[in-house]
Structures are given as C-alpha cells and as structure tokens.
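Notes to accompany the following structure.
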Amino acid sequence: MRRHWILIGSILGICAVVASAVALGWAASDEKKPVESFLPADSVLYIGWDGTARNKEAWEKTAAYDALEKSGLLGTLTKIALSYVPAEHKSDADAIRDVLKSIAQKGFSVSLSLPKGTEIPLIVLVLQDAGGLEPALGARLPRLVGESVKFESLMVRGRKVTRVRSPEHEGVELAWWAEGGHLVAVFGTGGVESVLDVAEGKSPAITTSAHWRKYREDRQDFNPLFCGWLDVPGLKNRFATHVVQEKSEKEPRLTVGQLLEVFGVDRMGSIVCRCGFRDQALVSDFLVEAPAPRTGLLALLDQRPITLAELPPLAKDTSTFALCSFDWSKAYDVIVKLARDIGDTVAVNGGAQVDSFINQLPALLGFDLKQDLLNSLGDVICVYNDSSAPIPGGFGFGLAIRVKDAERLKKTLQTVFDRLQAQFPNGLTVTRDEHHGREVSVIGIGPLPIRPALCVDKHWLFVGLSPQAVEASLLRVDGKLDVWKPSTEQQTALDAVPKKFQMLCLSDPRPTYSAIVTYLPLVLTVVEQAMSAQRPGQAKSSSGQRMALLTELPPADLLTRAMFPNASAWTVDDRGLHGQSRESAPGLVGSGGIAVSAVAVALLLPAVQASREAARRTQSRNNIKQIVLALHNYHDTNNGFPAGTHPNKNLKPEKRLSWFVDILPYVELQSVHQQIDLDKAWDDPANRQAVMTPIKLFLNPSAPQKKSTYPVTHYVGLAGLGAEGPTLPVTSPKAGCFAYDRMTRISDIADGTSNTAIVGEISKDEGSWAAGGRPTIRPLTARPYINGPDGLGGAHPGGCFFGMADGSVRFISDKVDPKLMEAIVTINGGEIVNLDGLNDGR
C-alpha cells in the first residue's frame, strides 16, 4: 500500500510542479524531437493525447466545439469554479488551470513499464512543447515544498537534470529535464538513465512495439486525438508467479496466474481505446481483446446478438434508451461455476461449501432462483427515459425485460413481495390494481414520495417510477398510444453504429445541457445562502461576483443548437468486445467525448480540490466539537475536566497516559479504554494493542499522513501561557484549561467559557494520542502562536480551529493579534476579550 501512495504522490507532484512553474513563464524550444522517443518499448500502459491544437481545424468543425467552447459555457463554468478557490491559493489555481488548458491543447504522453529486479514501476511523462518550463520549475519548486525535500541539479549525458531521491527506497527518483522541445519527467528506480537509453537509441522505444504499430500507426477513418492501451498479457507475464497464498492445512498454495485462470482472464489480450473527430461528431473505438472460447467472467460476454426490431414499445418522444442482450439463466450457470472454481482454488473443499450455500437458497428465498425467476425471463433488457414519471423537471426512467414464462414470473414476484413485506412490515407496502386487463403492483417505500410500479405482461415485464408510466407501456402494447420510431437525426446516429449488437445506447445530450444552464443559477443561489449562513461575518463581495458570472452563461438554445443524438454500440465476436460511438457532445451514454470531457475536468479541477478541502475542514471542526462534548460529559460525571495526564505519581508526565485516554468512554470507545492498564506507561507493552488503534476522531482529515510508529492525534489540549503552563495552579493568570496534575472546573474559568479555548489543531510534532506531555497538551511559548514554533495550526489555509470551553468551535486566523490569542488560552487572565471578528468555525 505504501508503494501505491509513493506512486500516486509522485504523479501528483509532477502535476503540481508544472502548475507552479507556469507563473514564471513558458518559452518553447526550437529543437524538436518526437514525444514517443522517450517511452520504452516494454510499456504495459500507454496514454497519448495529441492535443486539440494539432487537430485545430477538425476540432473547430465539431458540434462539441460549437456548443461548449464557442458558446462560452466552459469558460464561464471555469470562472465560477475558480471563484470558490481561497484567495491565498488564487495564483496556484490560475497556474493549474493554464497548464492543464495548455496540455489539453498541445498534448502529452504517459507510459508505465515494469523493469525487472524491482517492484517500483517506471513512469515517464512527456509534456508536448513544454521544454521552456524547466528553468521556472527548478527556480520555484524548492521554495514551494520547503527545506525538507532535497533537490539536486546535475549534468547527465549532457542534460541538466533536476532530481529528488526517495529516502526510503534506494535508487528510486523523481526527475525532470528539457529535451527535444519537451518537458520530460520520470519516476522509478534509475529512471533517468533508463529513459536516456531509450532517447539515445540504446534501448528500444515504444514505436518498435507491436502495440504501437497495431493501434497507434494504424490510421482510422477519423482524425485521431487520443490513443491508449493496457497490455494485460504483459502484466500477467510479470506477476503470474507471484504467490498470494501460501499452502496450509486448509488452504492450497495460490499464485496470481492461477487466479487469472480461474477468473478466465488468463487468455485476455489488451484493452485499447482510440478517440477523435469525424466531421461534426466525436467518435471513439474501444476494444477488449478476449478471444473465444471464453471462460470464467469473460463467458458473460457471449450473449446473443440482437437488433432494434427487438425493442419494446417505447413512448413516441423517447430520446434516450439502452437496449442489450443478457441471458439470465446462462449467467447464473457461469457465476455458479466460477464460484465453485474459486472455492476449490482458494480452500480445501471450498467448492463443496459453495454448493452447500446454493442448496440452501430455495429455502431462504422461498423459490428456486434459477427455475422460478431467471428461467422465466427472456434475454432482452431495455432501460429508457420516461417523461410520464412524476419527477420534477420531467426526468424519469423505465425498465422493460423480455418475459418467457409470464405465469411463473408472476407467482415468483408474489412470493418476493410477501417475504419483503413480512421482513419490513412498516417500511414496504405493495398494493395491486387492474389496468387494461393486467394486474399492476404499486410499491410504497417508507416516506419516499415516489411509488414505483410493475406489471408482468404476456411478453414484457414493465417497471416504472409511477403507475402511470406502467399503464402507458400497456397502452402502447395494445396499440392505443403511439410508439417510438427513429427521427431523421436519430436514424443518422444509428446508421453510424452496427445494426446487430449485444448492446446499443441512444441518447440526446440537449436536455442535459439545457438543464445545466437552467438549474445552475438555482443551485448556486442555494449554495451561496448556505455559505452565508455558515460564515455570516465574512465579506460578500466574492459571492456577488460569483452570482454576476451567471449572466455569462449562454442561453440553452445557443448551447444546444449544433447538438444531435449520440449513439454507441457494443458487439462481441471471436476477437472480443468491441465498442463504437458517435456523439455531438458528452452525454449520458457512450464512450466517446473524451476530448471535451478531459478539458472540462481539467478546468474544473481547482473547484473539485476546493470542495474536497471544504469537506475535510468541516470534518475537522466536527471532530473538535465531539471532543469538547466528551470533555463536558466527563466534567458532568467527575466534577471537572480531566487532568492533562492521567494521574500517576510514579511516572513522569511524558510517560503517563493522556487525557484522551480518559475521554475514550465518552466517545463510544469503551472497548479500547478497557484494554488499557491505567497504572502503566502509555508505551508499556501491556498497552501496545490499545495504543496501536488508530482513532479517526483524533485525526484531522486535511493533515498529511506522516510516517509514525504509533497512531497520532492532530489535536491537543491547551495549557495556558509560557513553558511552565502545564505546571501552573488554576489561580495563575497564565494558567490554561489543561495542566499535568490538576483538573479544571467550569467554575475555575473566570474569563468565561465562551472566551476560553480548551482544544486546538496542531500541524507539526504530532505524537501518540495516548501519550502524555507535548503530544497531547501544549502551552503558547513563542510567537507567532499559529503556524509557529509551538506547532499549533492546521492544514487549512489561513488558520486553524479551536474548541472553546462552552462547546463552540471557532476558526482563528494565523494573523490573529498575539494579545488576543494569549487571552483566549488562559482561564484567569482577566482580559476583556472581543471575539466578534472570529467566525464560529462552520
């Protein structure tokens, strides 16, 4: 798991580094070199994005360009998203946006290979025409990450390379340099030397690989933009012999290769995706190489090809549906056999245990799953939009499944409903009514406002979000309502995909995009009201500017005028699974639209990051709230807050158990508390099992997870003012709520509980939550008091949270007046405290 985080962190680090450097300038090099000349031939993963600039003429002909970029929608959404980024991170957010936008336009390539002799992969990232970033990168990055990360600049084969070495894994490095007009970044063991061997022709490049010739050089009937593949056989060859289970009395020896064989993927080939432009459409081609005969999970691909002639009667105005072939009974046999094979592979008599469970199913369910239910169903399934469902905005869906034995299916469903009602007598109701000669079952689910319904007709099982939706389906079967026929636009879309398929999807993106510009002002208004309620003291200028941006949203008619229906089809042959799509804009279905989707995601990334930080910030506030509440419950029981360390005259404070241990029963962790020997040191072997328990409540989710011998806490009790704070008597004007050897009562807090902080966040020098001393209580000793030498502070921009003795939580700026901070952490200072300028931490 640690290796995974190293890998992910390195990739994110490259992205952050590039984004930071852009502010210092971007100058393209005149020297050119093919991007692929840096990528090794044995890469098992490849992603190549050509960039919209290289395909500018083709891109600007598409409906997606007209609808999303030319209309101004993406630009406006980007401005709105960036407006939520805190002001102190504005320059970084702008840099990230500019770099990602440039990457989308100019392109990039990524490869991952698995060098022999190491478990660390080799990752190569090449940013097209970005060589001019290298000087800015080297100048700014060290200032951004601080002195803890050591960079070295050196000449390697005539290139100026900047490198960071892993302190934990010998030979593992993250490095970058400019070459061939591009910026090259590498992560892995001996990564620089390996990639330079490829660049100098000493090792084969990816252009010599069969995958490159087969999928990259093979020109399609569209302007290519994206190509990527995953070499599954390459992964299998590397890891097939790895042991995942050693032999024991109950378990045989098991390797990765054996597991792959059981699941039926041992003969699976590569997974390939290619996308681009054809006329006004975004098109894509997807392939999963799974040659016949297929076994295990891949046997589920072997479904009967169908055509549109097998579509159920849909509403005349249907704009979206997915039609597929799926043999329920055959799938049951495949899954049962797979379960038996897995059982026999991983355990002695495992298959017999699976059989025993399957034999008990009829008694548990009240019917035979295969004979009574699955054999009653046909192999055609259709999910479709249904405007007759009473959902605000006209959205809804319906489901139709082909039926083989209607009477048996009705009896089985009756048994299911009877059992569910018996199991949930107050939460589920099923009423029946006759409509047009058929029985319609209406399902009530607790307080939910919708009432799903279903009906078994002679040839179809119809399911809808309302009885009216099911009734409409019955009327279409009877020929009393018009049924769907493809419009000219829809027929054009359908003509672009195979006529026989295992799955077909047709959708219209226009309602989705119209809804975006229609409902976005309402959504943002609700968001702004919620934010104002949570932070009433903050300035409203950014909110006003954000709402003003809504006037820049294009009207729905302008946004959708160039759009047309999207279609995608999936077929299965002896080679494997093949998908094709044609889209005007990214919609509800289909695998195309990657070009526009990637740009949109990249542009909105800062907002996503900001929203995640907001969620983590809220969680930390709630953690402190729960901790302070536990302190008050302890006070009610023991007539005082706990001492800073659990009383033990035979131990120094640093060896005693912390006050967190004393409040464990008050945060529903009585089981952990019972494992602790309160008479022994916190790190005594007798307490190891309990102390090694990570406690989520004591962790700030925004804080980086550092390597530590024991699970830590990111919160501490506040011990007044000065280095002697933890030893001061309760009457001292410098005393805080916590001290090593005394309890503090609410009546002792002469300055008032609403003006006195009892718990705060820390950002450095974390220690075990069970340890007494500095890991769990701290005084103020040196300015600045927040994000200064004492370690008080949080991972949130601009300040940190403090829990007040009255149970409230406040966010205090790192620019707070030191005198005010001194007054907040003392209980008997006699100061006049004005906290009106501080928010309540929500």
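The values are calculated or read from the model by the stated rules, or taken from the named source; none is laboratory data. Note that this is a predicted model, so its numbers are computed, not measured. A quick note on method: Cβ atoms are made from the backbone with ideal geometry, for glycine too, and the neighbour counts reach across all protein chains shown.
When you check L559 against the structure, is it under 21 Å from D66 (Cβ atoms) and modelled with pLDDT of 80 or more, yes or no? Can you show your working first?
Numbers: under 21 Å from D66 (Cβ atoms): yes; modelled with pLDDT of 80 or more: yes.
Yes, satisfied.
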Filtered residues of segment 296-321 (kept if touching a residue at least 24 places away in the same chain (Cβ under 8 Å), over 27 Å from Y46 (Cα atoms) and surrounded by fewer than 18 Cβ atoms within 10 Å (Cβ to Cβ)):
L300, D302, R304, P305, T307, L308, E310, K316, D317
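To keep it simple, each residue is scored yes or no on (1) of a type in the set (S, T, N, Q); (2) modelled with pLDDT of 95 or more; (3) within 22 Å of I786 (Cβ to Cβ).
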site: L721; (1), (2), (3): no, yes, yes
site: G725; (1), (2), (3): no, yes, yes
site: L728; (1), (2), (3): no, yes, yes
site: C737; (1), (2), (3): no, yes, yes
site: I746; (1), (2), (3): no, yes, no
site: I749; (1), (2), (3): no, yes, yes
site: N755; (1), (2), (3): yes, no, yes
site: V759; (1), (2), (3): no, yes, yes
Pairs where the first residue, in segment 568-583, is more than 17 Å from T307 (Cα to Cα) and the second is of a type in the set (V, I, T) and not in a strand (DSSP E or B), C-beta under 7 Å, 6+ apart:
R582/V497
Restricting segment 676-695 to residues that are without any contact (Cβ under 8 Å) to a residue 12 or more places away in the chain and out of contact with any helix residue (DSSP H, G or I) (no Cβ under 8 Å at 6 or more places or on another chain), the residue that is surrounded by the most Cβ atoms within 10 Å (Cβ to Cβ)
D684
Top-ranked residue of segment 152-167 - restricted to ones that are farther than 19 Å from G131 by Cα and assigned to a loop (DSSP other than H, G, I, E, B), ranked as modelled with the lowest pLDDT:
P167
Being farther than 20 Å from V232 by Cβ and either assigned to a loop (DSSP other than H, G, I, E, B) or not aliphatic (A, V, I, L, M) (or both) is the filter here, so list the residues in segment 285-311 that pass it.
Q303, R304, P305, T307, E310, L311
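Identify, from the list V833, V816, the residue that is among the β-branched types (V, I, T) and either assigned by TED's automatic domain parsing to the domain that holds E724 or within 31 Å of the chain's Cα centre (by Cα) (or both). I'd like the intermediate steps shown before the answer.
Numbers: V833 fails: either assigned by TED's automatic domain parsing to the domain that holds E724 or within 31 Å of the chain's Cα centre (by Cα) (or both).
Unique residue meeting the criteria: V816.
Table: residues versus (1) in contact with a Cys (Cβ under 8 Å, 6 or more places away or on another chain); (2) among the hydrophobic types (A, V, I, L, M, F, W, C).
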{"residue": "P789", "(1), (2)": "no, no"}
{"residue": "G794", "(1), (2)": "yes, no"}
{"residue": "F801", "(1), (2)": "no, yes"}
{"residue": "V809", "(1), (2)": "no, yes"}
{"residue": "K815", "(1), (2)": "no, no"}
{"residue": "L820", "(1), (2)": "no, yes"}
{"residue": "E831", "(1), (2)": "no, no"}
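Mind listing whichever residues of segment 564-586 are touching a helix residue (DSSP H, G or I) at 6+ places or on another chain (Cβ under 9 Å), under 22 Å from S487 (Cα atoms) and surrounded by fewer than 24 Cβ atoms within 10 Å (Cβ to Cβ)?
Result: F564, P565, A569, P586.
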V198: passes all of (1) part of a helix (DSSP H, G or I); (2) at pLDDT 85 or above; (3) over 19 Å from V110 (Cβ atoms) but (3)
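Out of D221, D285, I need the residue that is buried (at least 18 other Cβ atoms within 10 Å of the Cβ) and among the acidic types (D, E). Which one? Walk me through it before giving the result.
Numbers: D221 fails: buried (at least 18 other Cβ atoms within 10 Å of the Cβ).
None of the other options fit; the residue is D285.
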Name every residue in segment 644-670 that is assigned to a loop (DSSP other than H, G, I, E, B) and surrounded by fewer than 23 Cβ atoms within 10 Å (Cβ to Cβ), in order of residue number.
H646, P647, N648, K649, N650, L651, K652, E668, L669
Looking at segment 803-820 only, could you name the residues that are surrounded by fewer than 21 Cβ atoms within 10 Å (Cβ to Cβ), in contact with a strand residue (DSSP E or B) (Cβ under 8 Å, 6 or more places away or on another chain) and closer than 20 Å to G725 by Cβ?
V816
Restricting attention to segment 761-778, does a residue exist that is closer than 30 Å to R688 by Cβ and free of Cβ contacts under 8 Å to residues at least 40 places away in the same chain?
yes
